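The values are calculated or read from the model by the stated rules, or taken from the named source; none is laboratory data. These numbers were taken from a predicted model, which means no experiment stands behind them. Heads up, the Cβs are rebuilt from the backbone with ideal geometry, glycines too, and the neighbour counts pull from every protein chain shown. Just the protein is used for accessible areas: all its heavy atoms, side chains included, with ligands, DNA and RNA removed. Shrake-Rupley method; radii C 1.70, N 1.55, O 1.52, S 1.80 Å.
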Amino acid sequence: MTKIVTDVICPFCGTLCDDLEVAATDDGKKIIEVYNACVIGTEKFLHSQASDRVTRPRLMQADGSYKEISYDEAAEYTAQMMAKAKKPLMYGWSSTNCEAQSMGHEIAELAKACVDNTAAVCHGTTLIAVQDIGLPTCTLGEVKNRADRIVFWGCNPAHAHPRHMSRYSIFPRGFFTGKGHKNRKLVVVDPRPTDTAKMADIHLQVTQGQDYELLNAFRVALKGEWLPDVVAGIPKEKIYEAADILKSGRFGIIFFGMGVTQSLGKNHNIDEAIAVTKDLNDYTKFSIMPMRGHYNVTGSGEVMAWQFGYPYSVDLTRGFARYNPGDTSSIDLLSRGDVDAMFTIGSDPGAHFPFNCVKKISELPSVCIDPHLTPTSGVSKLHVPVAFNGVEAGGSCYRMDNVPIDCRKVVEPPEGMLTDEQFLIMVRDRLKKMKGVA
Ligand code: SF4
């Protein structure tokens with residue numbers, strides 16, 4: 001017998017699709033089929049069913065082999081590590097729920113740790129720009145119903161956020177835009193002819209690293225003022241044409257990704273993109289929104305900001321929160337050898353950090369909390385497998401437009417397996433005792 005669980009949230013990318021249906025066995029133990037999700041989202045659900053899944057914590061031995069230990073022993077090991085460390089780094093948080101993030105921050109305060117999330121290597125520059133000049137933004141619902149001018153700058157949703165275009169930005173029937181994409185104009189800015197760029201009305205193939213120059217040229221073109229013949233590899237006629245298309249819409253949106261946040265100029269690119277959005281509002285209504293990657297990286301920024309005052313790269317070493325990205329961010333801390341323990345949760349720095357940082361993680365006392373076997377779990381001394389959030393556990397998450405959504409539990413985790421939050425509570429309680437905190 002099967003049952004269908006409806007209104008399921010996909011815990012993969014920042015689009016946080018909330019219309020999935022999952023067929024599961026009646027006893028809630030096994031997923032049979034996933035409906036409505038894209039191929040990446042489907043894989044996330046089905047991966048939780050893998051027969052070779054690790055279901056108990058594993059401690060690395062001196063010879064590199066692993067010894068299975070209990071969750072109690074794993075919590076004790078983690079608490080001891082955090083208590084002994086002078087400056088531990090707690091990194092990740094973007095693939096877990098807000099409740100676990102909040103609990104992890106209690107541990108960070110007790111251990112006087114540095115706390116950082118994956119924004120440090122993706123949209124951290126966006127957060128700096130937003131602190132500089134603010135963000136004229138909207139919700140994805142408004143985009144769906146109103147936007148007739150869409151810009152994708154330095155992002156490729158066709159691959160990274162596969163249902164973004166069908167649910168919100170290009171193809172859905174909107175209240176004011178009507179059916180399909182014929183009333184929406186698409187401008188893509190990308191050095192590569194991506195699958196998203198192939199669908200564009202105008203593809204501006206910007207010279208890599210010259211996004212700032214092109215954004216600046218847009219501000220000039222919007223006013224109809226003089227431009228040199230070519231800017232950032234784009235003939236001026238094409239820039240004027242794109243600017244006219246954007247001005248002539250009734251409601252527009254600039255979605256931007258790591259192609260512009262992590263290329264030359266970094267947060268200054270985003271300053272300028274926000275300034276373009278502001279300028280466009282002299283002619284029509286325009287918004288801007290970062291394309292967030294991990295499904296709850298936005299939530300991590302929110303929780304960190306309301307608990308510590310800053311959205312990432314927080315240093316609690318002195319007993320109060322300090323924030324200085326480029327100094328207190330994970331890669332800088334690891335590269336300088338400033339931290340003496342590594343705690344990873346809900347992310348995979350082993351796959352994304354520079355080699356010298358990954359090597360450093362392998363040398364430090366380290367714990368990795370993750371349902372998967374990852375490059376990070378492979379170099380960490382202790383790997384704690386947990387339930388898949390959004391599949392085997394519920395909890396709050398924030399979509400890329402800052403809308404909080406409650407994830408659903410669809411099936412039971414393997415017997416005896418803990419959730420992120422449950423494991424973190426065990427560590428927090430032990431650490432409190434070690435530190436003599438009531
Ligand atoms: S677009 Fe993102 S959130 Fe939606 S189903 Fe695909 S991976 Fe999941």
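Looking at the structure I just gave you, is T139 of a type in the set (V, I, T) and either closer than 20 Å to L16 by Cα or surrounded by fewer than 18 Cβ atoms within 10 Å (Cβ to Cβ) (or both)? So T139 fits the description; yes. Could you run through the stretch 165-180 and say how many residues are of a type outside the set (K, R), at negative phi, out of contact with any Gly (no Cβ under 9 Å at 6 or more places or on another chain) and surrounded by fewer than 19 Cβ atoms within 10 Å (Cβ to Cβ)? Matching residues across the stretch 165-180 total 3. When the residues of the stretch 291-315 are filtered to those that are within 16 Å of the ligand (Cβ to nearest atom) and assigned to a loop (DSSP other than H, G, I, E, B), the one that is most open to solvent (accessible area, probe 1.4 Å) is G293. Just to be sure, is L424 assigned to a helix (DSSP H, G or I), over 30 Å from I31 (Cβ atoms) and open to solvent by less than 40 Å² (accessible area, probe 1.4 Å)? No; evaluated as a whole, the condition is false for this residue.
Restricting attention to the stretch 120-136, the residues being in contact with a strand residue (DSSP E or B) (Cβ under 9 Å, 6 or more places away or on another chain) and open to solvent by less than 30 Å² (accessible area, probe 1.4 Å) number 4. When D148 is tested against (1) out of contact with any Lys or Arg (no Cβ under 9 Å at 6 or more places or on another chain); (2) open to solvent by less than 30 Å² (accessible area, probe 1.4 Å), only condition (1) is not met. With respect to the conditions (1) within 18 Å of D148 (Cα to Cα); (2) open to solvent by less than 20 Å² (accessible area, probe 1.4 Å), N281 lacks only one, and its number is (2). Listed by first and then second residue, the pairs linking a residue in the stretch 258-273 that is over 20 Å from F286 (Cα atoms) to a residue that is surrounded by fewer than 19 Cβ atoms within 10 Å (Cβ to Cβ), with Cβ atoms under 7 Å apart and 6 or more places separating them unless they lie on different chains, are S263/Q208; S263/G209; L264/G209.
Where helices (runs of 4 or more DSSP H) fall wholly inside the stretch 1-113, the ranges with 1 or more residues that are out of contact with any Ser or Thr (no Cβ under 6 Å at 6 or more places or on another chain), open to solvent by less than 40 Å² (accessible area, probe 1.4 Å) and within 16 Å of the ligand (Cβ to nearest atom) are 39-47. For the stretch 230-241, state whether one or more residues are in the same structural domain as V188 (by TED's automatic domain parsing), over 15 Å from I202 (Cα atoms) and open to solvent by 60 Å² or more (accessible area, probe 1.4 Å). Within the stretch 230-241, one or more residues are in the same structural domain as V188 (by TED's automatic domain parsing), over 15 Å from I202 (Cα atoms) and open to solvent by 60 Å² or more (accessible area, probe 1.4 Å). Report whether or not D201 is farther than 20 Å from P290 by Cα, touching a helix residue (DSSP H, G or I) at 6+ places or on another chain (Cβ under 8 Å) and at pLDDT 95 or above. In short, yes. Filtering the stretch 190-218 to residues that are within 16 Å of A273 (Cα to Cα) and of a type in the set (A, V, I, L, M) leaves L204, V206, L214, L215, A217. Total residues in the stretch 148-180 satisfying the condition of being more than 16 Å from the ligand (Cβ to nearest atom) and over 19 Å from E241 (Cβ atoms): the figure is 9. Of all residues in the stretch 200-229, those satisfying the criterion of being open to solvent by 70 Å² or more (accessible area, probe 1.4 Å) and not basic (K, R) are D201, Q205, Q208, Y212, E213, E225, W226, D229. Contact map, the stretch 36-51: residues that are within 18 Å of K409 (Cβ to Cβ) paired with residues that are open to solvent by 30 Å² or more (accessible area, probe 1.4 Å) and near the ligand (Cβ under 7 Å from one of its atoms), Cβ distance under 7 Å, separation 6+ or inter-chain. Pairs shown: G41/F12; K44/F12.
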